[in-house]
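Undergrad: Below you will find the structure I want to go over with you.
The values are calculated or read from the model by the stated rules, or taken from the named source; none is laboratory data. Bear in mind that the values here come from a model prediction, so they are computed numbers and not experimental data. Cβ: placed from backbone, ideal geometry, glycine included. Neighbour counts: every protein chain shown. Please note that ligands, DNA and RNA were not included when accessible areas were found on the heavy atoms of the full protein model with its side chains. Shrake-Rupley method; radii C 1.70, N 1.55, O 1.52, S 1.80 Å.
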Amino acid sequence: MTIAIDIGNTDVVVGFYNQEWKHIFRVPSNLEMETAEYEKRLRDFLLEENVPVPTVRQVVLSSVVPDLTPVILEVFDQFYEGEIKVVDGELLQQLSLGNIDPYELGSDLAANAVGAFDRFQQSAIVVDFGTALTFTSVNDQGEILGVAIAPGVRTAMKSLSSNTARLPEIPLEIPSKVLGNNTVEALQAGIMQGYVGMIRYMVEQIKVEMGETPKVIATGGLSFIFEPLHDLFDEMDVNLTLEGLRVILNKLK
């Protein structure tokens with residue numbers, strides 16, 4: 001069994017792979033939560049899901065929250081006696097990722113790129129609906145051509161609500177029209193429908209700059225909310241980042 005850990009700004013996601021991704025553990029990324037609490041939540045999950053921890057053979061970790069990395073490493077030291085591979089700039093230098101600076105590239109974006117190329121064996125665009133909305137492109141050789149980053153839709157919604165008086169928390173739902181008849185509908189129209197337009201435009205422009213006919217794959221927990229965009233994607237895989245980490249680990253053997 002392989003364990004892949006993706007420490008993001010919103011959640012820590014842990015996937016357990018044995019021929020397929022069978023168990024996914026998710027917990028909020030909280031710098032105030034102590035190691036013992038993370039460990040307790042993980043142990044409860046393993047017990048409920050009946051995950052056979054003794055069969056773990058390798059563990060790989062990606063993190064965009066450096067202060068949380070040692071906490072999660074300490075948690076998994078309780079379950080795994082081998083070396084936990086941390087995907088960082090030094091490790092990414094060993095991969096053929098093109099002219100992108102591995103120390104500038106987020107390890108989650110690298111995993112997305114590697115996972116997409118491994119899936120399609122051709123050029124691809126990965127649209128990741130996370131805390132940030134990211135577009136990562138790879139060419140037919142699996143080299144990363146570039147990245148575009150925008151605020152994630154939840155981030156944009158929370159920012160507007162928290163910085164504007166009298167605006168309520170807005171459900172992440174796409175309205176049927178772009179002219180809202182109340183505050184909630186107006187915000188959903190402007191942000192949710194606005195993101196639909198932005199994502200379509202970005203994918204079109206990226207294809208033009210690439211000069212290729214890439215596959216387009218969506219990942220991230222919010223990808224399934226954007227139903228009007230589903231025709232844009234050749235595939236949707238919420239576990240793409242975890243899969244990319246597993247592929248990176250296998251490439252380094």
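Undergrad: For Leu252 and Gln141, compute 0.36 nm times the residue count separating them, minus their Cα-Cα distance, and round to one decimal in nm.
TA: Here the answer is 38.2 nm.
Undergrad: Loop only by DSSP, 12 or fewer other Cβ within 10 Å of the Cβ. Give me the GluC sites (Glu not before Pro) in the stretch 10-68 that pass, ordered by residue number. If you can, show how the numbers build up before the last one.
TA: Working: sites: Glu20, Glu32, Glu34, Glu37, Glu39, Glu48, Glu49; in loops: Glu20, Glu32, Glu34.
Filter output for the stretch 10-68: Glu20, Glu32, Glu34.
Undergrad: Which order do His23, His230 take when ranked by solvent-accessible area (1.4 Å probe, heavy atoms of all protein chains), largest first?
TA: Working: His23 35, His230 60 Å².
My answer, sorted largest first, is His230, His23.
Undergrad: Then there is this: Quick one: compute the contact order of the stretch 9-103, relative version, from alpha carbon pairs under 8 angstrom and 6+ residues apart, as a percent. Could the numbers behind the result be given before it?
TA: Details: 80 pairs, mean separation 21.2, N = 95.
It rounds to 22 percent for the stretch 9-103.
Undergrad: Can you give me the accessible area per residue for the stretch 99-253, using a 1.4 Å probe, in Å²?
TA: 48 Å²
Undergrad: Please give the FRET efficiency for Thr155 paired with Leu47, using the beta carbon to beta carbon distance and R0 = 35 Å, rounded to the nearest 0.05.
TA: Approximately 0.55, to the nearest 0.05.
Undergrad: Specify which residue in the list Leu242, Val59, Gly194 is farthest towards the positive end of the charge dipole of the chain, using unit charges on the beta carbon of Lys, Arg (+1) and Asp, Glu (-1), about the Cα centre.
TA: Of the options given, the answer is Gly194.
Undergrad: Right, another one. For Ile199, Ile100, Ile191, give the ranking by accessible area with the largest first, probe 1.4 Å.
TA: Ile100, Ile191, Ile199
Undergrad: Let me ask another. I need the GluC sites (Glu not before Pro) found in the stretch 51-131, filtered to DSSP loop residues with at most 14 other beta carbons within 10 Å of theirs.
TA: For GluC sites (Glu not before Pro) across the stretch 51-131 that sit outside H, G, I, E and B with at most 14 neighbouring Cβ atoms in 10 Å, the list reads Glu81, Glu83, Glu104.
Undergrad: For the pair Lys40 and Glu209, how long in nm is the line joining their label points, each one 7 Å along Cα→Cβ?
TA: 4.7 nm
Undergrad: Another question about this same structure. Any chance you could run the full-extension gain for Gln78 through Ser96? It's 0.36 nm times the residue separation minus the Cα-Cα distance, nm to one decimal.
TA: Once the chain is fully extended between Gln78 and Ser96, it gains 3.1 nm.
Undergrad: A follow-up question, please. Roughly speaking, what is the stretch gain from Leu179 to Met198, that is 0.36 nm per residue apart minus the C-alpha to C-alpha distance, in nm to one decimal?
TA: Full-extension gain reported as 5.1 nm.
Undergrad: Dipole magnitude of the stretch 58-144 about its Cα centre, charges +1 at Lys/Arg Cβ and -1 at Asp/Glu Cβ only, in debye to the nearest 20?
TA: Dipole of the stretch 58-144, to the nearest 20 debye: 300 debye.
Undergrad: Then there's this: Loop-only GluC sites (Glu not before Pro) in the stretch 169-253, please: DSSP not H, G, I, E or B, and at most 13 other Cβ atoms within 10 Å.
TA: Passing sites in the stretch 169-253 are Glu169, Glu173.
Undergrad: Could I ask something else about it? When the accessible area of the chain is computed with all protein chains present and a 1.4 Å probe, what percentage of it is carbon and sulfur?
TA: 46 percent
Undergrad: Can you put Ser63, Ser96 in order of accessible area, largest first, using a 1.4 Å probe?
TA: Descending accessible area places them as Ser96, Ser63.
Undergrad: Determine how large the accessible area of Lys158 is when every protein chain is in place; take a 1.4 Å probe and give Å² rounded to the nearest 10.
TA: 110 Å²
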